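Only one structure is covered here, and it is reproduced in the block below.
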Amino acid sequence: MSPQLLSHFKSKQKSIEERIAAGKELRKRFHRVNQGDYKTNPKRTDPVSILEAQGETRLPDLVPIRYARMLTSPFAFLRGAAAIMAEDLKANGETSGIQVQACGDMHVANFGVFASAERNLIFGINDFDETLPGPWEWDLKRLVASIVASGRFLGADKDLCRDAVVAAVGTYRKKMKEFAYKGYMELWYSTIKGKDIMKTLPAEVRKGAAKIMSKAKERTHMQVLGKLTDIVDDKFRLKENAPFIVRETHSQAGLPIEEAVGLFLDSYFLSLTDDRKALLQNYRIIDVARKVVGVGSVGTRCWIIFLTGNNSNDPLFLQVKEAQPSVLEPFVSPSSYTNHGQRVVAGQRLIQAAPDIFLGWGEISGIHFYVRQLRDMKGGVEFDPEKVSVKNLPDYCSLCAWALALSHAKSGDAAMIAGYVGNSEALDESLARFAFAYADQTERDYDALVAAAKSGRIKVAKAAA
């Protein structure tokens, strides 16, 4: 053990109360009321230009699909505009200075239920493509802006949107104080279980939550087998649905698929522990296809690998997804990882108590990637005005804020954050102001993308599904 490391472990720790006091002291540096300020930077980069620049690093034939998805609503635009908001957050001024492992793309559609290794359903953040150490405020501000944007999309009035923001920030504050007093091991293993959700939600909301969790339990690999495959010559094969799911003979780098898969396995296996390698080696590859996913991710390389084990009733679906630099990277310290797939995996493991057992990373032809299981007991709220009861928005947003607070507490100093956010509603009121201001900015940016599509500046696909 190095002297520096030994010195760390022998140093005196600050008490919870001292760290809370230090957090309170930071209010003098950056007042909580100022967290609500948002003014458009006069030198602000044209938002469409930011999206076009991202498109230059993506597959050109898929970029029009990304635009089509973002043009469905201002809320969809915000989901794809993490890079735009990151620049705005940096330009908008100071922060408290407390760092966490930030999600980087925090919005209300980036949460859901998924299975732990013990096959229990838990609720949490479900996308980590942009994760990087950064200010805790940036995640919370993106979350509250998405609350107003999604609320408007779903038909909520101003008062309901505001109630949802206040409920979310209030929950974040209260949970952070609770987490500040937990032991580190207790906090590390903390999750939001299905029973916790049912206990917390009002009686009238529980039925909908139970339905989501029940549906998630059905989304096993067997369910994926029925949905994503056909039987061809008495064998299961991935079902093509161009341009969203396509079987290719070569990778985008020009390698024959078999060669690319071999390189993928060589690289991916280096990231797995021996027990995971032993489990995965029981399976055999049946088929491989390219898949279009998400809103902000469209255009990055993504593949599905379909494998079977003991028999055809033992399928496994792995998603291999390209990892590009985080949108936060130009505005914070660069990633400490040379492989952005490793950055994503390391971030997820740090802030999620029950990561996928096959989570890993690698590199092929200079392209970084990470791997996870596809649809393994995963589910979430469908942001469809026809399917969502908008009156439940505050309860759902409160649940999202609980999950965000837990992720920040695990990777940052919960006591310092708790000291800064405090017990009053000062931060709630301030961030409500920010949320509406940035939702308005999002609508202006959405209009700019609409204008770019009408003028022919950008090419938009006819189908966005």
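Among PHE269, PHE317, which is the only one that is buried (at least 18 other Cβ atoms within 10 Å of the Cβ), over 30 Å from TRP138 (Cα atoms), at pLDDT 90 or above and not assigned by TED's automatic domain parsing to the domain that holds ALA82?
Criteria check complete, one pass: PHE317.
Cβ-Cβ under 7 Å, sequence separation 6+ or interchain: first residue in the range 342-362 and modelled with pLDDT under 90 and crowded, with 22+ Cβ neighbours inside 10 Å, partner part of a helix (DSSP H, G or I) and not small (Gly, Ala, Ser). Which pairs?
Cβ pairs passing all conditions: ILE351/LYS410.
Here are some residues: GLY134, GLY124, GLY112. Which one is within 21 Å of VAL344 (Cβ to Cβ), under 20 Å from the mean Cα position of the chain (by Cα), at pLDDT 95 or above and not in a helix (DSSP H, G or I)?
GLY134
Looking at (1) surrounded by 24 or more Cβ atoms within 10 Å (Cβ to Cβ); (2) modelled with pLDDT of 95 or more, which is the only condition ASP413 fails?
Here ASP413 meets the rest and fails (1).
Determine whether the range 97-105 contains at least one residue that is closer than 30 Å to LYS28 by Cβ, out of contact with any Pro (no Cβ under 8 Å at 6 or more places or on another chain), modelled with pLDDT under 95 and assigned to a loop (DSSP other than H, G, I, E, B).
The answer is no, given that none of the residues of the range 97-105 is closer than 30 Å to LYS28 by Cβ, out of contact with any Pro (no Cβ under 8 Å at 6 or more places or on another chain), modelled with pLDDT under 95 and assigned to a loop (DSSP other than H, G, I, E, B).
Give me the pairs, please: first residue somewhere in the range 10-37 and at positive phi and outside the structural domain of ASP88 (by TED's automatic domain parsing), second residue anywhere and surrounded by 11 or more Cβ atoms within 10 Å (Cβ to Cβ) and not in a helix (DSSP H, G or I), beta-carbon distance under 9 Å, and either six or more positions apart or on two chains.
none
In the range 1-28, what count of residues is obtained for those that are closer than 23 Å to ALA437 by Cβ and surrounded by fewer than 12 Cβ atoms within 10 Å (Cβ to Cβ)?
So the answer is 0.
Name the residue, out of TYR67, TYR38, that is within 19 Å of VAL148 (Cα to Cα) and either out of contact with any Gly (no Cβ under 8 Å at 6 or more places or on another chain) or part of a loop (DSSP other than H, G, I, E, B) (or both).
TYR38
Restricting attention to the range 97-105, does a residue exist that is touching a Gly at 6+ places or on another chain (Cβ under 6 Å), small (Gly, Ala, Ser) and not assigned by TED's automatic domain parsing to the domain that holds PHE244?
Within the range 97-105, one or more residues are touching a Gly at 6+ places or on another chain (Cβ under 6 Å), small (Gly, Ala, Ser) and not assigned by TED's automatic domain parsing to the domain that holds PHE244.
Against the conditions (1) under 31 Å from the mean Cα position of the chain (by Cα); (2) part of a loop (DSSP other than H, G, I, E, B); (3) surrounded by fewer than 16 Cβ atoms within 10 Å (Cβ to Cβ), where does LEU59 fall short? Just the number, please.
(3)
Only one residue in ARG247, ARG290, ARG237, ARG301 is closer than 13 Å to ILE364 by Cα, among the basic types (Lys, Arg), surrounded by 14 or more Cβ atoms within 10 Å (Cβ to Cβ) and not assigned by TED's automatic domain parsing to the domain that holds GLY80, so which one is that?
Testing whether each residue is closer than 13 Å to ILE364 by Cα, among the basic types (Lys, Arg), surrounded by 14 or more Cβ atoms within 10 Å (Cβ to Cβ) and not assigned by TED's automatic domain parsing to the domain that holds GLY80 leaves just ARG301.
The values are calculated or read from the model by the stated rules, or taken from the named source; none is laboratory data. Model, not experiment: these values are computed from the prediction. Note that we place each Cβ from the backbone using ideal geometry, even for glycine, and neighbour counts take in every protein chain shown.
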